[in-house]
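> Here it is: the structure, laid out below.
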Amino acid sequence: MSLSSAFEKYFKIGAAISVFDLQKPNRIELLKNEFSSFTAENDMKPMYWLDKDVMLADPEKYNLNPVINADRAVPYLELAKTIGMPMRGHTLCWHNQTPKWFYYKNYDAEGELADKETMLTRLDNYIHAVLDFVNTNYPGIIYAWDVVNEVVDEGDFRKSIWYQICGFDFIRQAFKSARKYAAPGVALFYNDYESATEWKRDFIIANVLKPLMEDGTIDGMGMQSHLVMDHPTMDEFKVALEMYGALGLEVQVTELDIHNADPSEESMHALAERYKALFEVLVNARKEGKANLTAVTFWNLLDETSWLTGFRRETSYPLLFHKEGEKKEAYFKVLEVVE
């Protein structure tokens, strides 16, 4: 039994992969054998789509019409096509990993910031270009997009350059454009971390999700779920999951890992039990109709490739597999939930 087959009647099981995974046949086999969905970890973020050389060579010509280069995205789309596995698109609009020059008049980062009308037009045309490329060349491959990523921070909207120039309207425009240009049936998500934290959960529901629901442009909430061993509690996670579910939106766990820097047997057993408790919450929410949970995506395939080691500045052991696909206790504990 694989993860994907075990949870098939509940939700997709996905993983984020990188360009380094694409170069390792054994990792692609692991993806094929255990998962039913995948996400490009970095290479479909704005900085990798935007064609800097072309745009900066003639900024006046492309001032309102960003040019894209799909070279970084194509290997993932080709893989999905080859192995017949659907993808989550990540992410169309994010304050991070969007180049600074993109926000400026004539793309001159030494000059003045562009005005709101210019930025909203650029955003619309950028999303149009990306979705048109995918729809034309890889129809049916991407089943969901993270349209906007991480706009809430410190009790309010994040004071990103996007927000400084456009306020809430950049969020509204991104979803409006995605709805206009996405293929029929593709689900559109807002995605954020710490989304089980009470203040953030409530702010997202009131100030992000409900306004977009009124616009008719959003389909789902993405709970990133970069957890640690003692936060959040499973009760906190369950309440948040059910509150998002009560809105009538799809819910997806989009970037799951549990940071643990202790590789001892005792600690890895505790990690396994925490994963089991989490998947009990997820499966029960689905069984009981408390949340239309449609996918759970782990953020990376292996402990050794986890982004957390760099982010936390200590070696992390946060996933279900290690080395080159060896199953950890956590893997078997997760399967116990549906056995």
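> Could you list all residues from region 239-257 that are within 24 Å of residue 3 (Cα to Cα) and either surrounded by fewer than 21 Cβ atoms within 10 Å (Cβ to Cβ) or touching a Cys at 6+ places or on another chain (Cβ under 6 Å) (or both)?
242, 245
> Tally the residues that are surrounded by 14 or more Cβ atoms within 10 Å (Cβ to Cβ), hydrophobic (A, V, I, L, M, F, W, C) and assigned to a helix (DSSP H, G or I), restricting the search to region 72-89.
4
> Please work out if residue 172 is in a helix (DSSP H, G or I), touching an Asp or Glu at 6+ places or on another chain (Cβ under 8 Å) and at pLDDT 95 or above.
Yes: the conditions hold for residue 172.
> For residues that are of a type in the set (Phe, Trp, Tyr) and under 20 Å from residue 121 (Cβ atoms), scanning just region 172-197, find the one that is most open to solvent (accessible area, probe 1.4 Å).
Among residues in region 172-197 that are of a type in the set (Phe, Trp, Tyr) and under 20 Å from residue 121 (Cβ atoms), the one most open to solvent (accessible area, probe 1.4 Å) is 181.
> Here's another thing I want to ask about it. Please work out if residue 305 is at pLDDT 95 or above, within 26 Å of residue 328 (Cβ to Cβ), open to solvent by 10 Å² or more (accessible area, probe 1.4 Å) and not aliphatic (A, V, I, L, M).
yes
> Has region 279-299 got any residue that is over 17 Å from residue 11 (Cβ atoms) and touching a helix residue (DSSP H, G or I) at 6+ places or on another chain (Cβ under 9 Å)?
No; the residues of region 279-299 include none that is over 17 Å from residue 11 (Cβ atoms) and touching a helix residue (DSSP H, G or I) at 6+ places or on another chain (Cβ under 9 Å).
> Does region 130-145 hold any residues that are open to solvent by 30 Å² or more (accessible area, probe 1.4 Å) and closer than 14 Å to residue 50 by Cα, and which are they?
If the condition is that a residue be open to solvent by 30 Å² or more (accessible area, probe 1.4 Å) and closer than 14 Å to residue 50 by Cα, then 133 is the only one that fits.
> Need at least 1 residues that are over 18 Å from the mean Cα position of the chain (by Cα) and without any contact (Cβ under 8 Å) to a residue 60 or more places away in the chain per element, so show me which strands (runs of 3 or more DSSP E) inside region 186-239 make the cut, counting only ones lying wholly within it.
Per the criteria, 226-228.
> Still on this model: Which of the following residues is at pLDDT 95 or above, in contact with a Leu (Cβ under 9 Å, 6 or more places away or on another chain) and of a type in the set (Ser, Thr, Tyr): 82, 91, 118?
118
> Residue by residue through region 41-61, note down the ones that are open to solvent by 40 Å² or more (accessible area, probe 1.4 Å), free of Cβ contacts under 8 Å to residues at least 40 places away in the same chain and assigned to a loop (DSSP other than H, G, I, E, B).
Residues satisfying the conditions are 58, 61.
> While we're on this one: Restricting attention to region 95-120, which residues are touching a Phe, Trp or Tyr at 6+ places or on another chain (Cβ under 9 Å), over 16 Å from residue 52 (Cα atoms) and touching a residue at least 12 places away in the same chain (Cβ under 8 Å)?
Across region 95-120, the qualifying residues are 95, 113, 114, 116, 119, 120.
> Based on what the data block shows, is residue 169 under 25 Å from residue 116 (Cβ atoms), open to solvent by 20 Å² or more (accessible area, probe 1.4 Å) and touching a helix residue (DSSP H, G or I) at 6+ places or on another chain (Cβ under 9 Å)?
So residue 169 passes the test.
> Right, another one. Could you check, for region 51-73, whether at least one of its residues is within 18 Å of residue 326 (Cα to Cα) and touching a helix residue (DSSP H, G or I) at 6+ places or on another chain (Cβ under 6 Å)?
No, region 51-73 contains no residue that is within 18 Å of residue 326 (Cα to Cα) and touching a helix residue (DSSP H, G or I) at 6+ places or on another chain (Cβ under 6 Å).
Per-residue answers, yes or no, for (1) touching a Ser or Thr at 6+ places or on another chain (Cβ under 7 Å); (2) under 27 Å from residue 207 (Cβ atoms); (3) open to solvent by less than 40 Å² (accessible area, probe 1.4 Å); (4) assigned to a helix (DSSP H, G or I):
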residue	(1), (2), (3), (4)
91	no, yes, yes, no
101	no, no, yes, yes
118	no, yes, yes, yes
126	no, yes, yes, yes
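> Only one of these conditions is not met by residue 97: (1) part of a helix (DSSP H, G or I); (2) at positive phi; (3) not aliphatic (A, V, I, L, M). Which number is it?
Condition (1) is where residue 97 drops out.
> Here's something else I'd like to know. Among the residues of region 150-168, what is the count of those that are assigned to a strand (DSSP E or B), in contact (Cβ under 8 Å) with a residue 24 or more places away in the chain and within 20 Å of the chain's Cα centre (by Cα)?
So the count comes out to 2.
> Going residue by residue through region 23-40, is there one that turns out to be touching a residue at least 12 places away in the same chain (Cβ under 8 Å), surrounded by fewer than 16 Cβ atoms within 10 Å (Cβ to Cβ) and closer than 26 Å to residue 131 by Cβ?
So far as region 23-40 goes, no, none of its residues is touching a residue at least 12 places away in the same chain (Cβ under 8 Å), surrounded by fewer than 16 Cβ atoms within 10 Å (Cβ to Cβ) and closer than 26 Å to residue 131 by Cβ.
> Here's another thing I want to ask about it. Output the residue which, of all residues in region 128-149 that are out of contact with any Phe, Trp or Tyr (no Cβ under 7 Å at 6 or more places or on another chain) and assigned to a helix (DSSP H, G or I), is farthest from residue 37 (Cα to Cα).
Filtering first and then ranking leaves 129.
> If you scan region 308-325, which residues turn out to be closer than 18 Å to residue 15 by Cα and open to solvent by 10 Å² or more (accessible area, probe 1.4 Å)?
309, 317, 322, 323, 324, 325 - these are the residues of region 308-325 that are closer than 18 Å to residue 15 by Cα and open to solvent by 10 Å² or more (accessible area, probe 1.4 Å).
The values are calculated or read from the model by the stated rules, or taken from the named source; none is laboratory data. Note that this is a predicted model, so its numbers are computed, not measured. Every residue, glycine among them, receives a Cβ derived from its backbone with ideal geometry; neighbour counts consider all protein chains shown. For accessibility, only protein heavy atoms count, side chains too; no ligands or nucleic acids. Shrake-Rupley method; radii C 1.70, N 1.55, O 1.52, S 1.80 Å.
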